[in-house]
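I have placed the structure first, in the form of structure tokens, so that the comments after it can refer back to it.
The values are calculated or read from the model by the stated rules, or taken from the named source; none is laboratory data. Fair warning: this is a prediction, and the values are worked out from it, not measured in the lab. Cβ sites come from the backbone with ideal geometry, for glycine too, and all protein chains shown count toward neighbours.
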Amino acid sequence: MRRTYPACDDAKMSPVTSAAPGGVQPGAEAFSSDGGPVGVLVCHGFTGSPRTIRPWAEHLAAAGYTVRAPRLPGHGTSWQDLARTGWQDWYGEVERAFGGLAAKCEQVFVTGLSMGACLAFRLAQAKGGAVSGIVVVNPSLAPDTRLFLLAPVLKHVIPSLRGIAGDIMKPGGDEGGYGRVPVRAAATLPALWKLTAQHLAEVTQPVLVYRSTVDHVVGPASMAVLKAALPNAEVRPLPNSYHVATLDNDAPTIFAGTVEFIREHATTAHGSPEKRVLRTAVVTNGDVPETPAGGDATGGDEAAWLDLIARFDAPAPGADGTTPWPEREDLAGPVHVTPIAPEALPREPPANPSGLPEHLWPRRQVPPDRRDARQAANPGASDLDEEHYVPPPPPPLPKLDPVTKGAWLALFGGPFYLLIATAVGWSIPGLAAFLAVAAFIGGFAVLVLRMDSGGPRDSGPDDGAVV
């Protein structure tokens, strides 16, 4: 039986020697290539590097696109560097690279692998129409294990966890990942997943999803989130690849499909190197420019389009050559405007808008004897505050005695020890397991026995409310 890994990241890679402090591993450098007016941003995954998506980026560059594949902070160097970063840092780098592409290109498409796909969706949510389309491979959008719920606590106890070998079906495939996964950095992933999933239904751009039939890294939870939010997204299976499909057997299918997707959804005249560039002309005075002699014929469709542009702002002439007045603008009859005298304008509302006598206006009257006594005690009080109920101050919270503190510690300490030991893979002696279970049961029993089940001491014989 194949081992299934519960985590949801790209940490499941064959370990390699980390780069020198401050250095970048060979092949993990950012990728950049200038091409046509259509840009493509390619995002790698958690603990990965541009090495995992470099062939993808190179194929897009060879197709004539302007391509950027940034190296996310803390990636491609050492896991200690990654431990000092979080999802905000990774998204910030992706956003910066997108800004550079948007300033240079007429259109920008965003692609991503695993967590890079999650960053691509988040970028599309934030940038809206500035993103023309999205292509993702094995997107990571949700945790596949409840251990992530303990990550905020584990990061203070365990600095890193062991990495797992690369999830690539192709023999000899190597993505060059870290040998350790920093828990502190992984603890920021749930916040990214939650934020992206909450707004995933707001993505209106065209979406193409590639999903490996067998993936030991990203489980079914992510695809369930995606299908629930984007039921119309196109999903294409990858039967011959595992998680890192961009380095696997189905990589050519992904690369060719991405180019086809961009060509289909690019609206600029230069969206595809194979598209014919339409003739552009300046239309003045409503005249349609003619095709230059010896020039490339534009065809009937383009001529009709240019004619429509030339007459867009021209008014429609009537039978006598004049512009008719739209009948919908005609009024049924003459309109008389009566000026309003200043004294008829609304004023401040009266103190008693009902018009009732003052003694009938709904205001609780306080008996004179009670009013005099109250005003003598508090001259600044108002009659309207007479019937206002002021609840007594709440009793102070009970203080925990040493026995109760010990019971709470035993109640949570025992299960927490077993959970941590299981997650890390520690060997749990039989006596330690027995003591942990006994501490839980004993703490629970002590807390139940010390619960005060009696009623309030100052309550009446009917235990009713005290007013």
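Restricting attention to segment 83-105, the residues being farther than 24 Å from R162 by Cα and either of a type in the set (F, W, Y) or outside the structural domain of A185 (by TED's automatic domain parsing) (or both) number 2. So, of the residues in segment 165-181 that are farther than 30 Å from A256 by Cβ and surrounded by fewer than 21 Cβ atoms within 10 Å (Cβ to Cβ), which turns out to be modelled with the lowest pLDDT? Among those residues, the one meeting the criterion is G179. Taken as a whole, the condition of being over 26 Å from the mean Cα position of the chain (by Cα) and assigned by TED's automatic domain parsing to the domain that holds V40 does not apply to N232. Quick check, is G45 in contact with a Gly (Cβ under 6 Å, 6 or more places away or on another chain) and at pLDDT below 95? Yes, satisfied.
Residues in segment 151-166: is at least one among the hydroxyl-bearing types (S, T, Y) and under 23 Å from R122 (Cα atoms)? Within segment 151-166 (the criterion being among the hydroxyl-bearing types (S, T, Y) and under 23 Å from R122 (Cα atoms)), the answer is no, since none of the residues qualifies. Residue count for segment 182-191, restricted to those that are surrounded by fewer than 18 Cβ atoms within 10 Å (Cβ to Cβ) and of a type in the set (K, R): 0. Is at least one residue of segment 446-455 outside any loop (DSSP other than H, G, I, E, B), at pLDDT 60 or above, touching a Gly at 6+ places or on another chain (Cβ under 9 Å) and surrounded by 10 or more Cβ atoms within 10 Å (Cβ to Cβ)? The answer is yes, given that some residue of segment 446-455 is outside any loop (DSSP other than H, G, I, E, B), at pLDDT 60 or above, touching a Gly at 6+ places or on another chain (Cβ under 9 Å) and surrounded by 10 or more Cβ atoms within 10 Å (Cβ to Cβ). For segment 192-221, taking the residues that are more than 18 Å from A124 (Cβ to Cβ) and aliphatic (A, V, I, L, M), the one that is surrounded by the fewest Cβ atoms within 10 Å (Cβ to Cβ) is identified as V214. Considering the conditions (1) of a type outside the set (A, V, I, L, M); (2) surrounded by fewer than 24 Cβ atoms within 10 Å (Cβ to Cβ); (3) touching a His at 6+ places or on another chain (Cβ under 7 Å), G100 is excluded by exactly one of them, (3). G39 meets all of the listed conditions (1) surrounded by fewer than 24 Cβ atoms within 10 Å (Cβ to Cβ); (2) modelled with pLDDT of 50 or more but one, namely (1). Based on this model, can you work out whether L409 counts as over 46 Å from the mean Cα position of the chain (by Cα), at pLDDT 75 or above and either loosely packed, with under 14 Cβ neighbours inside 10 Å or more than 30 Å from S160 (Cβ to Cβ) (or both)? Against the criterion (over 46 Å from the mean Cα position of the chain (by Cα), at pLDDT 75 or above and either loosely packed, with under 14 Cβ neighbours inside 10 Å or more than 30 Å from S160 (Cβ to Cβ) (or both)), L409 does not qualify.
Yes or no: segment 272-295 includes at least one residue that is small (G, A, S), closer than 30 Å to A130 by Cα, assigned to a loop (DSSP other than H, G, I, E, B) and modelled with pLDDT under 95. Within segment 272-295, one or more residues are small (G, A, S), closer than 30 Å to A130 by Cα, assigned to a loop (DSSP other than H, G, I, E, B) and modelled with pLDDT under 95.
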